[in-house]
Amino acid sequence: MDIYRFDKSQELFQRAAKVIPCGIYGHMSPAPLIPPTSYPFYAVRSKGSKFYDIDGNEFIDYMCAYGPMVLGYNHEKVDRAAAEQYGEANCVTAPSPVMVDLAEYLVDLIPGTDWAFFAKNGNDATIYALMAARAATGRKKIIMISGGYHGVSPWAQTPGHHGLIEEDYQNCIRIPWNDIAAFQKAVDENSGQIAGFIATPYHHPNFADNEFPKEGYWQTISEICKKEGIVLIADDVRCGFRLDMKGSSNYFGFTPDLICFCKAIGNGYPISALMGTEALKQVVSKIFYTGSYWFSAAPMAAALATLKELKKIDGPSIMHETGTKLLKGLEEIAKGHGYDLKTSGHPSMPYLRITDDESLMLHQDWCAECTRRGAYFTSHHNWFVSTAHTQEDLDRTFDIADDAFKALKEKYQK
Amino acid sequence: MSHELLTARLNAYAVLKNLEDLVVHDREMALFTKDWNIAIRFFVLNGPDAFVEFDSGKCRVGKGGGEKKSSVILFFHSPAHFNKMMDGKASPVPVKGFTKLRFLTKEFSVLTEKLEYYLKPNADLLADPKWVALNTRMTLTTAVWSIPELAELDPVANILSSHMGKGSISLGILPDGPKVNLTVNKDSIVPAKGEIKAPAAAMTMKDMTVANDFLNGRLDAFTAIATGDVSIRGQIPMVDTLSLMLDRIALYLS
C-alpha cells in the first residue's frame, strides 16, 4: 500500500508560519494531529466523501471539515441553490426573502421552537443563547459541563488559557456530565442566580470516550430548570441534523428553551442559527446582536437546500447505518490483530480509542498510519460520517485500517 | 497568595536546583567545587526552606534540611528578602557557620555568579553552542521544578492543575540532551531528572537550539509542533495544561 508524503504541505506551512499566527490556527491547527508530519495541512480539492491535498494525495475524509460537510463536498443541489442565490443577491443592503423561507422551514422542522435567528458560526449562536438566558432571567451565572465545548468566547474557554481574565469565567459553573446531583447542588448553592444551563445533547469531549445521557437525565434536568426558572440551552452545533432531522434534543426526548445549530445545517456554507420558544422571542428581540455577513443570502439558500435534501433522503438514518458498518468493520479488524478498538458516541460522529494503551500513543500511531494510507482519521476528536460515504469507501477504509494495524504491530514488536 | 512568596519558592526550589548541573557541566566550576564538602541551608521566614549540599564534586539541592547536617544556615526575614538576595541586592543573615563566612562571600559567590551567567542570555551568549546547551538544560530544570510550586500557589495554575489528569509527562531534548519528567498524582506533582518508563505523555525537542527557543518563548509551540521541531505524544491535554502552566513562570521570574 502506498504511503503518502506531505512535502508540499510542510513547505507551504513554512511560508504560512511567517505571515499567519501558528501557521494554521484554531481547531484546524496541526498540533493535535499526532504526529503532524503524518497529516496533510492543505486541501486543494474536494468531492463527495473525499478531499485531495496539496501533495496530490486522496483522502476518504472522516472529519468532514470537523462537521460542516454532511451531504458530501461540492454537493450539486446545495451548490446550485447557493449559486442561484449568488446570482440574484447575496450580501446586500437588505435581507433576501430566503431568510424568511429558511426560518419558516426550521420552525416547522424543529419541535418546540417558534423562531430562528441566523448568524455565521456556532460561537455566534452560543453567545446569543447566553445573553438571552441572562436577559430573560436577570441572572448572571451559567452552568456548563466540564470538558464541554461551546465555542471560543472567553466565558466558554477553560480557565487558564491565554487572553482570559478571571472575570470571564467567574460566573460559569462547571459540573460533570450525567451528574444530576451535581447539577442540583450547583442550583441549590446558587439559588436564584442561575440564568441558564448549556450542554451538548450528549457528551463528546476530545481525548475521551463520548457518553450518552443516562436514562432520564435530560428529563430530570428539564424539570429542575422549569422549577427554578433556568433557561435550558441545547448546544446542537456539532450533533445537529446528524442524529435527527428534528434536532438532537428530539432524539433524546427533551425540549430545550434554546437550541444552537451550525455545522451540518449548510453543508459547508457559513451559517448558524439560534432557535427558541415563543416565551423567549420578546427577550431576544431586545438584544442587539448582528454581524456584517449574517444576512448573506447564499448560505441561507444552501442551508435550505441542505435541510431539504437531508430530510428527503433521511440523512440521519443513512449516516447511522454507514457509521455502524464502519465501526463494526474497524472493531473486527482491530480484534483480528489483537487490539481492542473501543467506539463511543453516535455512529454518525463516533469517537474511537485503542484501549490497549491508556496513553493513547498506540491509537495516535494507528490513526496516523491510516491517514498516511488515505483514510483521514484523527486521534483526538470524534469523527464525522456523511451521507456521501459509500460502501466502496468503507471497503477501502477497512483495507487501509488492516494495513495500518500490520504496520503498528511491526513497529511495536521491534 | 503573595507574589513574593511564589517567586521565593521558585528561586529556592527551581532556580537554585541548577547548581546541581552547573558543577557537572561547567568544567571550570567542576574543578572549583570538586573538594567542597559543605551543606548550606536557606531558611526563609514564612517562605521556602531549602538546602544546597556539596560532597566530592556533587551538588544536591532540595527542600528542607537535606541529608547532611547544615554547616551554614542563612536566615531571611521574608520571601522578599530572599528574592532580593537572589537579585544580588541584599545579604542573608547567617545564623550558623560564622567561620564559613569567607567561603560564602568568596567561593560560593563565584559559583552563584556563574549560575547567573548561565541564566541570563544576551545575543553573544546565544551564539555560543556550549552556553546554549547549559542554559537550555537549566531552563528545562527551572521549568519542571517550578510546576509544583505554581500548581500550589498561582491561582490560574492551580485551576489548570486540577484538570491535568494523573500520570507522568516526560520531557527530553534530542539527540542526547537532558531528560526530565513530572509525575502528577492526586495531591502532588513530583519533578525528577532522567527518563521514565511508559509516560502518559511525552514532549521531545529536536535539538538544543530548538529547545532553547521553545523553552524561552521565542518559538511558537503550535508552529514548532506542526513542523516536527517539537513532538508531543500521548495524553495531549496533559501537555497542553503543562504548557499553559509553564507560561506562568515569566510572571514571577524575570
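The values are calculated or read from the model by the stated rules, or taken from the named source; none is laboratory data. These numbers come from a predicted model, not from an experiment. As a convention, Cβ positions derive from the backbone with ideal geometry for all residues, glycine included, and neighbour counts pool all protein chains shown.
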Residues located in region A:165-209, provided they are surrounded by fewer than 21 Cβ atoms within 10 Å (Cβ to Cβ) and among the polar types (S, T, N, Q): A:Q170, A:N171, A:N178, A:Q184, A:N190, A:S191, A:Q193, A:N206
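Can you tell me which of A:L71, A:L130, A:L109 is outside the structural domain of A:F384 (by TED's automatic domain parsing) and touching a strand residue (DSSP E or B) at 6+ places or on another chain (Cβ under 7 Å)?
A:L130
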- prompt: Under the condition of being part of a helix (DSSP H, G or I) and within 7 Å of chain B (Cβ to nearest Cβ), which residue from region A:23-43 is surrounded by the fewest Cβ atoms within 10 Å (Cβ to Cβ)?
  reply: A:T37
message: I'm told B:L244 meets every condition in (1) within 11 Å of chain A (Cβ to nearest Cβ); (2) under 21 Å from B:L119 (Cα atoms) except one. Can you identify the failing condition by its number?
response: (2)
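Looking at the structure I just gave you, is A:S49 surrounded by 18 or more Cβ atoms within 10 Å (Cβ to Cβ) and under 18 Å from the mean Cα position of the chain (by Cα)?
yes
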query: Can you tell which of A:A208, A:A195, A:A234 is in the same structural domain as A:D114 (by TED's automatic domain parsing), under 20 Å from the mean Cα position of the chain (by Cα) and closer than 18 Å to A:A125 by Cβ?
result: A:A234
task: For region A:351-359, state whether one or more residues are in contact with a Phe, Trp or Tyr (Cβ under 8 Å, 6 or more places away or on another chain) and either surrounded by fewer than 19 Cβ atoms within 10 Å (Cβ to Cβ) or modelled with pLDDT under 95 (or both).
output: yes
message: Kindly evaluate B:K206 against the criterion of being among the basic types (K, R), without any contact (Cβ under 8 Å) to a residue 40 or more places away in the chain and surrounded by 17 or more Cβ atoms within 10 Å (Cβ to Cβ).
response: yes
task: Any chance you could count how many residues in region B:144-196 are within 14 Å of chain A (Cβ to nearest Cβ) and small (G, A, S)?
output: 8
statement: Scanning region A:85-125 for residues that are in contact with a Ser or Thr (Cβ under 8 Å, 6 or more places away or on another chain) and in a helix (DSSP H, G or I) gives A:Q85, A:E88, A:L106, A:V107, A:G122, A:N123, A:D124, A:A125
- prompt: Under the condition of being charged (D, E, K, R) and in a loop (DSSP other than H, G, I, E, B), which residue from region A:2-22 is nearest to the other protein chains (Cβ to nearest Cβ)?
  reply: A:R5
- request: Mind telling me which of the residues B:A39, B:A12, B:A80 ends up being part of a helix (DSSP H, G or I), surrounded by 19 or more Cβ atoms within 10 Å (Cβ to Cβ) and small (G, A, S)?
  value: B:A12
Subset of region B:203-241 [of a type in the set (G, A, S), facing chain A (nearest Cβ under 7 Å) and part of a helix (DSSP H, G or I)]: B:A226
task: Sort out for me the helices (runs of 4 or more DSSP H) sitting completely within region A:214-309 that have 1 or more residues that are more than 30 Å from A:A182 (Cα to Cα).
output: A:278-285
- request: May I ask you to list the residues in region B:143-183 that are over 19 Å from the mean Cα position of the chain (by Cα) and more than 24 Å from A:F207 (Cα to Cα)?
  value: B:P155, B:L174, B:P175, B:D176
query: Is one or more of the residues making up region B:155-174 part of a loop (DSSP other than H, G, I, E, B) and of a type in the set (S, T, N, Q)?
result: no
Hits in region B:178-200 (condition: without any contact (Cβ under 8 Å) to a residue 40 or more places away in the chain and within 25 Å of A:T37 (Cβ to Cβ)): B:K179, B:N181, B:E195, B:I196, B:A198, B:P199, B:A200
query: Among B:F103, B:F75, B:F108, which is the only one that is surrounded by 18 or more Cβ atoms within 10 Å (Cβ to Cβ) and either over 18 Å from the mean Cα position of the chain (by Cα) or outside any strand (DSSP E or B) (or both)?
result: B:F108
- prompt: Do we find a residue being crowded, with 20+ Cβ neighbours inside 10 Å and on the phi > 0 side of the Ramachandran plot anywhere in region A:331-343?
  reply: no
task: Please verify whether region B:89-101 includes one or more residues that are touching a Phe, Trp or Tyr at 6+ places or on another chain (Cβ under 9 Å) and hydroxyl-bearing (S, T, Y).
output: no
- prompt: Among A:K246, A:K281, A:K226, A:K286, which is surrounded by fewer than 24 Cβ atoms within 10 Å (Cβ to Cβ) and under 14 Å from A:L109 (Cβ atoms)?
  reply: A:K246
query: Among the residues of region A:145-168, which ones are closer than 21 Å to A:F207 by Cβ and either away from every other protein chain (no Cβ under 14 Å) or in a helix (DSSP H, G or I) (or both)?
result: A:H150, A:G151, A:V152, A:A156
query: When both residues are 6+ apart or on different chains and their Cβ atoms are under 7 Å apart, which pairs have a first residue that lies in region B:31-46 and is farther than 30 Å from B:L153 by Cβ, and a second that is surrounded by fewer than 18 Cβ atoms within 10 Å (Cβ to Cβ) and β-branched (V, I, T)?
result: B:F32/B:V110
- request: Quickly run through region A:169-181 and pick out the residues that are over 19 Å from A:N210 (Cα atoms), assigned to a helix (DSSP H, G or I) and modelled with pLDDT of 95 or more.
  value: A:A181
- prompt: What pairs can you find where one residue is in region A:3-20 and within 14 Å of B:G228 (Cα to Cα), the other is at pLDDT 95 or above and surrounded by fewer than 17 Cβ atoms within 10 Å (Cβ to Cβ), and their Cβ atoms are less than 7 Å apart, with a gap of 6+ or different chains?
  reply: A:S9/A:Y42
query: Are there any pairs with C-beta distances below 9 angstrom linking a residue in region B:228-254 that is within 23 Å of B:I196 (Cβ to Cβ) and in contact (Cβ under 8 Å) with a residue 40 or more places away in the chain to a residue that is outside any helix (DSSP H, G or I) and among the aromatic types (F, W, Y), with the two at least 6 apart or on different chains, and if so which?
result: B:Q235/A:F207; B:P237/A:F207
